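Take a look at the structure set out below.
The values are calculated or read from the model by the stated rules, or taken from the named source; none is laboratory data. Values in this document were obtained by computation on a predicted structure and should not be read as measured data. Because the Cβ atoms are built from the backbone with ideal geometry, glycine has one as well, and the counts that use them run over all protein chains shown.
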Amino acid sequence: MSAMEKILRLSWANIRKRKLETVSLLILVMLCMLLMGSSLAGVFGIRNIFPQMMEHTGSYENFILLSAKYYDDEFEHILRSYDSVEEVAHANMLYSYGTNYLDADGKEQAQYLGFITHDDAMKIEKAELETTLTEAELAAIEHPVWMPYAAQITLHYRCGDHYDVIYGSRKYAFTVAGFYDTMLYDTPESALKLIVSDQDYRTLQSVLDEYDILAYNDHQGQGGTQLMDDFTKACEDYSNNDIRSGLIGWYYDAFRLNTAFTLGFLLAIIIAMAAIIVLSVAFMIRFRIAADIKEQIVSIGVLEAIGYTSKEIVLSYMAEYLLIAAAGCIPGFLGCFALTPFLLSLGETMVGHYISHSVCVPALLLTVAGILLLVAGIAFLRAGAVRHYPPVRALRKGQGDHRFDKEYLPLRNTRSNVHLRLAMKGFFQNFRQSIGLTLCISVASAAVVFSFILFLFFGFNMNAIANNAGIEMSDLHIQLMPGEDAKAFAGELLAEPEVRKATPTTVEDMMLLLPDYNQMGFCMAFEDFSVTENIRPMEGRFPEHDNELMLTVTMSKMMKLRTGDTVTLEYLHVKRQYLITGLVTSTTNGGANIYLTEEAMKRLYPNYRPSTVEVYLEDGVDAEAYRRQLTQRYGRSLADAAQDKTESGSYEERIRAEAERQIAELMGTYGVSHVEYAIQVGDEMITGNSSSFRIKSILNLGSILQTQLGSLSTAITAATVAFSLIAAIVVMIILFILMESTVRKSRRELGIMKGMGYTSKELMLQLAFRIMPSALISVVIGTVIAVACTGFLTSYIGRIGINYPAVILVDTVILLFCFICSYFGARKIKKISVYELMTE
Amino acid sequence: MMGTSILHTEKLCKSFSNGGVQQHIIKNLDLEIREGDFTVIMGASGSGKSTLLYALSGMDKPTLGKVWFGEEDISAYSNDALAVFRRKNCGFVFQSIYLLENMTVFDNVLTGALVAQKNSPALVQKAEELLKKVGIGEETWKKYPNQLSGGECQRVGIIRAVINEPKILFADEPTGSLNSASGKDVLDIFTELHTKGQSIVMVTHDIRTALRGNRVIFLSDGNVVGEYEMPTYGSDDSKTRREGLQDFLDRMGW
């Protein structure tokens, strides 16, 4: 028999002997391969996403958008004059902050929108249009719109769908003609750049601001803020104009970094999960070999006595685990071809672009090689212990072992439960094994606790999301008509029993400029921030004085500003300096919110008056019912009137409805401040005026939040459940294998103890208690890691509240889970027959 | 004077399946163990001595028949109930000794004691006294079994077995793995225990060991084929005792 044949025979015999443990280990290796391989392939995939996007869109890398009223043709020449800049293109686009559109349910949603003609789009990118409609269907569309792919991927628009855009009181009805790939304003999170017909562009031109786009590539990779700053100064010097308030920059590098971070975070979580399993596999192999050597020591002696070398025995162990690992890698490898495309499709949803789903096979092969190498290495090192047992010593059951330097927990000091004492004794006697176990359970606990914290925060509690939104999540958000006194209106509402609180404010309808950073933010002005319920500073305090403001965490990171710094604000060419008193988390408006008091706002704009009322209803009051009540009392809002297509009612009612619709359009679109009308119908004169409109619009924020964040909540819930499930499976397999091996290794001792009168249940309890110190330490370490990870995440996405009692509850559940798994994992103790042991 | 019955069997049978073939080791055996007796079970190899010992002690369940401990039918007990029965009523001394290798001498003794009774200074004191009595000095208490001689190990094994003051002490070839000097020491301990009233059931195939008992039961082919009674060891002439037992064993075909 050749040496290799001997080695494989020994390996195969060992595998067959412990089928259950082998299958468990195989499952762990399979999971490890699946997660590690897929995430690694995903990482390679991400690296290719951006070059793929650039190639597919044919887009320029950087863009400068400048309000047409500031633009001068010379600016293009200034940009071309920079050495690092090459290939400059010029196009025009209409752009609007905070446009509303009607979603599939007919509800208004806010969105940044840009409009461009196909000819202009092709100047800055390929703009290849894709549609599923026929030529005839396309020709039949009166107002076609071509949307970025993200609208299809994340907003689920399909060709032929209606897309109604609302400006003021005017609705522009478009039909989705198809989709195209773009880099600039490609997702709902940034903005959507829509391609419209020349005719529609001209129509929108009358109501939207036009911007000139300068697209350029920068071969030195310096297309960011420094070049922008130089360019802005040069343009201002040339034009003698302050152009900053009309300037927007878009840089490929910043886009790539932001997007890669989000995707990388997802993959990092999966890699962390795979790392837990790798650790577990390493630990299990190490432990299994140790147990096997102890159990098989006499057989090893016999093998050595009949001529097997210790090297052959070590190699047989290596072969055994390599066979198991290879068998686990095969289904894991194949599974990667399903999981990787799934991960990439998640990536598509995140980046809003179609990504190649091809799996990076070299990455998978690299993972296989890594796993096999790790398994072989650990098996080789641990099985090396066989060399310490020459045949005589092995045949004497390794006599010479069990020289203990220290006696742990002598039984003479037992004060209460002997089983607990023996369990703790076992823990200390197997300290190295306990360290390995602690490491594995720590990482798994960290994963479970971390995902639970996220689940509690995002997936379970909508209020938590509201508290992170950075805006007040009142029941109704009432925007008043220009000239209306918001404070008086709030006072009127407050007198009603349904209303708990009514706060006058300005939210989102004023944009403030931070000229030093070319950034804009939505004005969030309150008379006193202490009345707010959802805006809470994550760091520092609320602004109180007229020279103070609070920024979002996102803005502070973007501009590298901290609490205590000063910053300049600009509105209508007036600039004032403010002290940053605190930072707040904001998941709305792309994190571009600026918080300041009314007095601080008046310092910047003396005519400032609040224009909005946040209405908080008493418990049990239905927001929609109260909204109808408001309509009855104050008349319809301008937005409602503009959308009203009622053709029922009396002739006079229909005439009044049409008159109100016309008033709504005049006031909403053209800024008309007052309208009177008189219509003669036969002998009768129907008269009215715009004074009846006090409310511009009413939004039910809770409902919008539910719509917008419901899917996020579902996704997080699903992810955390999957995460916890994998961690639980891994911990369960570890503990089962550990317990089975321990029972096998300690078969003799357990049999003796049974003989002395210890019951199987008592011995199972002892073994389960033995792992509890490890489990307890692990849970503490895991919780600390999870809290630290949450803190790390907080610094990126804002404050994440930790519900410590709930976390302690999860910790307890983990401990119980470990105990139960260990207890039942040790069930083979029941099969140990004292009689067989005594007569063996 | 005959002691009262402490343990008896009723048509006890024990079989094992070997490659699908049933092997009947104990066959319809009726036996009574009396309180205070030093009962020695002898027989040829394969006669079922150890099997009987383990069935009597609740280490193993009979295939058929009953084992009565006083008024209790222990053959109907579950495995865990049998374990509780053993801890309360039985002590064991084995040929292979079976000390726990990962525990010190003292802990080996206390492991057996603490499962049956709560720790108390008295229990520790008792363990110390018993160990000293069998010649295991304080310097040895913190040693591990593989640091002791075979005789020392067996003495520790005996102390572990008797510390709970069991109603019956079972011993399976307790001197089988010891040299003659150590074997004698161990047997002297058994004799002393018996003198103090300890009921002992011992399996042996050694006539010198059997001489320590006062009742010898001879097994053949799974059943009792002969019984021989002797005075308590030390109360008669050793030569006469030896000749009497030898004569009995000769008649049994030993």
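Only a single item in (1) crowded, with 17+ Cβ neighbours inside 10 Å; (2) more than 7 Å from chain A (Cβ to nearest Cβ); (3) of a type in the set (Gly, Ala, Ser) is not met by B:GLY112, and it is number (2). Scanning segment B:97-109 for residues that are closer than 19 Å to B:VAL186 by Cβ and within 7 Å of another protein chain (Cβ to nearest Cβ) yields a count of 1.
Here is a yes/no grid of residues against (1) over 17 Å from A:GLU472 (Cα atoms); (2) surrounded by fewer than 18 Cβ atoms within 10 Å (Cβ to Cβ):
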| position | (1), (2) |
| --- | --- |
| A:LEU512 | yes, no |
| A:PHE522 | no, no |
| A:PHE526 | no, no |
| A:ILE535 | no, no |
| A:MET550 | no, no |
| A:LYS575 | yes, yes |
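In segment A:683-701, is there at least one residue being part of a helix (DSSP H, G or I), of a type in the set (A, V, I, L, M) and at pLDDT below 85? Yes, the conditions are met somewhere in segment A:683-701.
Only one of (1) in contact with a strand residue (DSSP E or B) (Cβ under 9 Å, 6 or more places away or on another chain); (2) of a type in the set (A, V, I, L, M); (3) away from chain A (no Cβ under 12 Å) is not met by B:ILE159, so which one is it? Going through the list (1) in contact with a strand residue (DSSP E or B) (Cβ under 9 Å, 6 or more places away or on another chain); (2) of a type in the set (A, V, I, L, M); (3) away from chain A (no Cβ under 12 Å), B:ILE159 breaks only (1). Among the conditions (1) touching a Cys at 6+ places or on another chain (Cβ under 8 Å); (2) within 11 Å of another protein chain (Cβ to nearest Cβ); (3) among the charged types (D, E, K, R), the only one that B:LYS27 does not satisfy is (2).
Taken over segment A:130-171, the residue count meeting the criterion of being in contact (Cβ under 8 Å) with a residue 24 or more places away in the chain, farther than 24 Å from A:SER96 by Cα and of a type in the set (D, E, K, R) is 1. Only one of the numbered conditions (1) surrounded by fewer than 16 Cβ atoms within 10 Å (Cβ to Cβ); (2) in contact with a Gly (Cβ under 7 Å, 6 or more places away or on another chain); (3) among the hydrophobic types (A, V, I, L, M, F, W, C) is not met by B:ALA44, and that is (2). Hey, does segment B:33-46 have a residue that's within 14 Å of another protein chain (Cβ to nearest Cβ), closer than 19 Å to B:VAL203 by Cβ and at pLDDT 90 or above? Within segment B:33-46 (the criterion being within 14 Å of another protein chain (Cβ to nearest Cβ), closer than 19 Å to B:VAL203 by Cβ and at pLDDT 90 or above), the answer is no, since none of the residues qualifies. Just so you know, in segment B:115-137 the residues that are among the charged types (D, E, K, R) and within 12 Å of chain A (Cβ to nearest Cβ) include one that is farthest from B:ARG160 (Cα to Cα), and it is B:LYS118. Where residues in segment B:60-91 are touching a helix residue (DSSP H, G or I) at 6+ places or on another chain (Cβ under 6 Å) and in a strand (DSSP E or B), which of them is farthest from the other protein chains (Cβ to nearest Cβ)? Ranking the candidates gives B:LYS66 first. If you check A:ILE797, A:ILE808 for being surrounded by fewer than 20 Cβ atoms within 10 Å (Cβ to Cβ) and either at pLDDT below 85 or within 13 Å of another protein chain (Cβ to nearest Cβ) (or both), only one passes: A:ILE797.
Sort out which residues of segment A:356-369 are assigned to a helix (DSSP H, G or I) and either in contact with a Leu (Cβ under 9 Å, 6 or more places away or on another chain) or farther than 20 Å from A:MET318 by Cβ (or both), and write them in order of number.
Correct list: A:VAL361, A:PRO362, A:ALA363, A:LEU364, A:LEU365, A:LEU366, A:THR367.
Where strands (runs of 3 or more DSSP E) fall wholly inside segment A:112-228, the ranges with 3 or more residues that are modelled with pLDDT of 85 or more and more than 19 Å from A:GLY58 (Cα to Cα) are A:162-167, A:170-180, A:209-218. Within segment A:615-632, the set of residues being surrounded by fewer than 16 Cβ atoms within 10 Å (Cβ to Cβ) and either under 11 Å from A:LEU493 (Cα atoms) or polar (S, T, N, Q) (or both) comprises A:GLN629, A:THR631, A:GLN632. When A:THR742, A:THR759 are checked against the criterion of being at pLDDT 85 or above, within 14 Å of chain B (Cβ to nearest Cβ), over 23 Å from B:GLY91 (Cα atoms) and surrounded by 20 or more Cβ atoms within 10 Å (Cβ to Cβ), A:THR742 stands alone in meeting it. Taken over segment B:48-59, the residue count meeting the criterion of being assigned to a loop (DSSP other than H, G, I, E, B) and either farther than 15 Å from B:CYS13 by Cα or at the interface with chain A (Cβ under 8 Å from one of its Cβ atoms) (or both) is 1.
Within segment A:611-651, the only residue that satisfies the criterion of being at pLDDT 75 or above, of a type in the set (Asp, Glu) and assigned to a helix (DSSP H, G or I) is A:GLU624. Which one is nearest to A:SER586 (Cα to Cα) among residues in segment A:478-490 that are in a strand (DSSP E or B) and at pLDDT below 85? Selected residue: A:GLN479. For the structure I just gave you, tell me whether A:ASP105 is at pLDDT 90 or above and either under 34 Å from the mean Cα position of the chain (by Cα) or surrounded by 18 or more Cβ atoms within 10 Å (Cβ to Cβ) (or both). Taking the combined requirement at face value, the residue does not satisfy it. With respect to A:ASP253, is the statement that it is assigned to a helix (DSSP H, G or I), at pLDDT 80 or above and not assigned by TED's automatic domain parsing to the domain that holds A:PHE450 true? No, not satisfied. Summed over segment B:107-133, the residues that are closer than 19 Å to B:GLN95 by Cβ and modelled with pLDDT under 90 give a count of 1. On inspection, A:GLU599 passes the criterion of being acidic (Asp, Glu), in the same structural domain as A:THR503 (by TED's automatic domain parsing) and not in a strand (DSSP E or B).
Can you tell me which residue within segment A:36-61, out of those that are in a loop (DSSP other than H, G, I, E, B) and of a type in the set (Ser, Thr, Tyr), is surrounded by the fewest Cβ atoms within 10 Å (Cβ to Cβ)? Among them, the one singled out is A:SER59. For segment A:229-244, taking the residues that are surrounded by fewer than 18 Cβ atoms within 10 Å (Cβ to Cβ) and in a helix (DSSP H, G or I), the one that is modelled with the lowest pLDDT is identified as A:ASP229. Here the condition is being closer than 23 Å to A:ASN92 by Cβ and among the hydroxyl-bearing types (Ser, Thr, Tyr); of A:TYR157, A:TYR167, it holds for A:TYR167 alone. Answer with yes or no whether A:SER67 is polar (S, T, N, Q) and under 30 Å from A:TYR201 (Cα atoms). So A:SER67 fits the description; yes.
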